[in-house]
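The structure under discussion appears below in the form of structure tokens.
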Amino acid sequence: MASRSTPVRISLRSVTKSFGPTPALDAVSLDVEAGEIIAVVGMNGAGKTTLLRCLLGLVAPDSGEIHYDGEQFHRERLDLRRRMFLLPDFPLVYPNMSVLRHIDLVLCLYEADRSAADERVIGLLREFDMLPYIDAALGTLSRGQAYKAALAALMAVDPELWMFDEPFASGMDPAGLLAFRTHVRDALRRGRTVLYTTQLLGLAEFADRVCVLHRGRVHAFDRIERLKAQHAGGATDALEQLFAQLHEGPS
Amino acid sequence: MSPTDRESRRSLVHQAHQAVRASPDLRAEYDRVQRARRRPWRTPLPIAIVAIPVLAVTLLFFRMLLVSGIYTRLGADGVLIVLSAVETLAACGFAVNLHRLLRTSMWLTVTSHLPVSDRSIAWHAWLLIAAWSALGLYPALWALGFVAYAEKLGPTGWCIALAIAVAQWLVAIGMGTLLVVRWPSFPASSVAMSSILAVALYYTVGAPGLPTVAHVVYTAVPAGWLNAAFALGYLKGATWVWSALVPAVVVVAAGFAALRKLQDIYSIHGFTFRFGNMVLAASDFWTARSSSLDRRLFPNVFRFFADPRPEGPAAIRDQVAAEIIRRTFSTAAPAKSGRRILDRLQRRFLTRRQSDLLDYMTADSLAWNYIYPYIVLVNIAVIPLHLVFPSVPGQRGPNMAPFMISMLSFVYLFMRGGKWFGFGAPFFGGACMPRFALLPIGFDEISRLMVKLACFRAVLLAPMFLVLAFHCVAPVGGSWFGIAIVGTIFAFLYLAGQGWVIAIRFAETMNTPKPRLAQLHWRIARAATGVVGVIPLILIADLVLLSGMILLEEAGLQSVASLFLVGMGLLIAASPLIAWLIVRAMYRRGVVDLVRARPSIGQQTLQSYEQLWRDPRQRRGTPKAAE
């Protein structure tokens with residue numbers, strides 16, 4: 001890969017974004033250390049997806065700054081963008097393109113090291129049960145299969161920052177979800193940073209730290225054990241209780 | 001919706017609002033959401049930006065276009081033949097769209113999950129198309145109203161013209177419904193296209209034998225029966241022609257009977273979900289429609305409504321197991337030998353990165369390569385037209401038809417050849433994001449690639465520029481030098497226009513900047529550089545140029561008029577660069593998002609243009625990896 005293969009540190013400073021009068025992100029400040037898995041949780045409309053889109057440059061913040069390893073980010077910083085990917089819950093693929101051709105083009109555009117990537121691709125396709133479909137058009141696949149194809153392409157690139165929007169609601173089967181978790185853990189060992197959003201509180205515990213967004217603000221950002229200790233005296237359903245409070249409490 | 005349904009709905013709405021009002025927190029949140037939703041000026045503003053100049057220009061040129069056009073030259077019959085063709089188009093369009101809605105629609109996507117009867121689906125699909133078909137009233141009112149005005153008819157004449165216009169609409173609906181129910185395999189698209197083309201061709205060659213042709217149209221075409229009643233029965237006093245109303249009434253009545261039958265017999269056998277596309281409802285109607293001539297003539301349109309390929313996982317698995325053993329993954333890119341010669345040639349001028357970028361942004365499309373030879377052939381074929389028809393019978397001046405054919409073929413190549421699917425932003429998960437934005441692809445590198453390709457294509461298009469120049473210069477006795485000069489001007493316009501092409505492509509992937517006073521200039525810039533915004537911009541530029549020239553010439557300021565002309569010329573020539581710079585600034589400064597809540601009209605237009613033409617290579621099926 002053309003980019004550096006060093007862990008990436010993310011820093012958000014008072015990032016604000018609103019759509020009309022509705023604030024999607026309200027002065028969000030976060031520091032994510034390299035080699036962490038971060039789960040972003042929150043209710044519908046809390047700003048989870050907007051946060052990820054800001055991090056990729058799809059959405060431009062109204063104010064505030066985003067830094068990767070201390071360097072300010074904007075969407076024309078291709079050197080930084082080659083070090084990350086974002087996979088939406090509905091992958092954007094060409095319906096007429098075959099799985100292999102899609103993967104090939106993604107590797108080319110990320111300028112990935114092909115000798116290493118090709119082997120990874122075969123392994124990933126095998127684990128995601130996608131080998132039978134390599135020449136099938138993406139438009140003829142189910143949503144979960146198309147997601148796996150897109151996932152295999154980006155995982156094969158293996159940049160420093162992995163971002164997923166609702167990966168656990170992507171239509172993947174249990175085997176696919178298991179493979180996904182295994183690969184994320186492996187990536188962590190290689191120093192990758194992983195951010196994912198989820199509505200399933202049980203799956204937030206898969207992360208090192210949890211960021212609770214509520215109405216565009218960071219309500220909590222800590223390790224899961226500490227969140228549990230703070231909010232429900234260490235009860236197993238601490239996150240559920242926290243959300244119940246947020247749901248009932250004043251805005 | 002029955003009265004009981006309506007009452008239930010009102011009751012539900014009332015209770016829901018009461019529940020909201022009961023809690024101050026809920027009410028505050030509700031008000032906030034409503035404030036975001038209610039922006040009454042948001043929709044009218046872009047409509048006004050487009051509509052006002054279009055209306056102004058239409059009104060300004062209304063007299064010139066119609067009075068000095070068809071009516072003055074050919075009389076009422078000339079106008080009514082065109083109206084008959086347009087109403088035939090409306091009836092065929094009704095049939096095609098009703099078929100499409102019965103096969104797939106957003107509404108079907110929703111109802112496929114709900115216990116909704118097929119009868120209800122058929123009724124609502126018909127109702128929706130009937131509502132849209134009211135647009136067919138517009139040309140009828142326009143044409144008949146103008147005839148009434150030009151013939152200086154009294155109130156009775158105006159009332160009859162109005163009644164005939166409304167009846168035209170009803171006949172179109174009735175005819176459309178009849179075609180769907182009684183003759184589903186009727187090639188509606190082919191008939192609509194050929195009738196419009198036939199009329200255009202007939203008028204281009206000077207409309208010979210108009211009275212005879214008018215009688216044929218009035219007799220043979222259902223949309224012509226009412227025109228016959230108006231033109232011959234009312235305007236010329238042939239009382240017996242009023243009997244033409246009888247078959248028209250029969251068609252309307254039969255149409256409504258067919259609607260009842262449609263509700264009775266429309267039966268959905270099952271739904272198919274196409275990923276990223278649509279829900280398809282399988283029914284006998286579609287089977288019949290699929291066997292029509294339209295399918296042969298418009299295979300790409302039908303492709304969207306076709307079921308996914310019925311290959312089972314087992315079949316694919318067997319096929320692929322052998323493939324895996326035989327080759328490695330790294331040969332998955334299409335074989336170079338599989339590419340067309342022009343594509344191979346243009347890649348010699350691209351870097352490796354640009355070549356990859358081209359593959360991704362065009363989704364491996366080689367459409368340009370396939371269209372180019374056809375367009376060259378068309379251009380060569382129209383050159384002899386100057387010898388056969390040096391001028392159109394009944395018209396002064398040279399024959400402009402060959403120029404128009406060349407120009408249209410050029411525009412076709414330009415539009416269809418530029419298939420940049422990477423700018424496409426499918427609607428998924430409540431948002432539209434352009435494909436390129438998710439990958440590390442920059443604004444400047446896409447721009448560079450597009451300019452590079454345009455330069456390469458300008459060289460290939462040189463013969464076509466010369467043909468266009470020939471059409472312009474040869475009829476007025478120009479020399480070969482003159483042809484070369486005009487050809488060079490065409491080439492310059494083509495290259496200069498690339499700035500607009502790139503600007504529009506990017507602008508359509510962007511949302512509208514925030515509605516704040518400080519952002520007003522960006523909002524205007526975004527609106528002006530979009531597909532819809534360019535139309536009023538062209539019209540305004542034309543108006544300013546023409547009116548400015550006329551005013552200055554009338555005031556006797558010849559030198560100022562020349563300067564004004566040069567200044568406006570320079571501004572227009574520089575506009576592509578200005579547009580590109582503005583869009584680039586919006587992109588780089590983060591004034592806009594690359595996410596839209598819904599697809600823009602321009603984006604939808606571009607996408608539908610791009611999807612209509614596919615490479616023959618892709619038409620055969622999924623592209624295979626290299627052998």
List the lysines whose Cα sits under 25 Å from the Cα of residue A:48, skipping any in the same chain fewer than 8 residues away.
A:17, A:148, A:228, B:514
Give the aspartates and glutamates reachable from residue B:261 as a straight Cα distance under 19 Å; neighbours fewer than 8 places away on the same chain don't count.
B:118, B:284
Less than 24 Å apart at the alpha-carbon level, and either on another chain or at least 8 residues along: which lysines does that give for residue B:236?
B:152
Here the stretch A:48-64 yields Karplus 3J(HN,Hα) values (6.51, -1.76, 1.60; θ = phi - 60°; whole Hz; Gly and Pro given as x) of 5, 5, 4, 4, 5, 5, 5, 5, 8, x, 5, 10, 8, x, 5, 8, x
Once amide H atoms are built 1.01 Å from N in the peptide plane, which residues 5 or more positions from residue A:214, or in another chain, come under 5 Å H to H?
A:219
What's the average, rounded to a whole number, of partner chain beta-carbon atoms within 10 Å of each residue's beta-carbon in A:131-143?
6
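Within 10 Å of each Cβ of A:121-128, how many other protein chain Cβ atoms are there on average?
Mean partner-chain Cβ count within 10 Å for A:121-128: 1.
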Amide proton proximity set for residue A:27, modelled H, under 5 Å, gap of 5+:
A:16, A:17
With axes computed from alpha carbons, what is the tilt in degrees of helix A:238-248 against the longest principal axis of chain A, rounded to the nearest 10 within 0 to 90?
60
How far is helix A:174-189 tilted, in degrees, relative to the longest principal axis of the Cα atoms in chain A, given as a value from 0 to 90 rounded to the nearest 10?
80
Shape category assigned to the stretch B:500-582 from the gyration tensor of Cα positions, a/c cut at 1.5:
prolate
What does the structure give for B:584-591 when I average, per residue, the other chain Cβ atoms found within 10 Å of the residue Cβ?
3
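Each value in this text was obtained by applying a stated rule to the coordinates, not by laboratory testing. Remember, predicted model here, so these are calculated numbers, not experimental data. For neighbour counting, all protein chains shown are included, and Cβ atoms are generated from backbone atoms with ideal geometry for every residue, glycine included.
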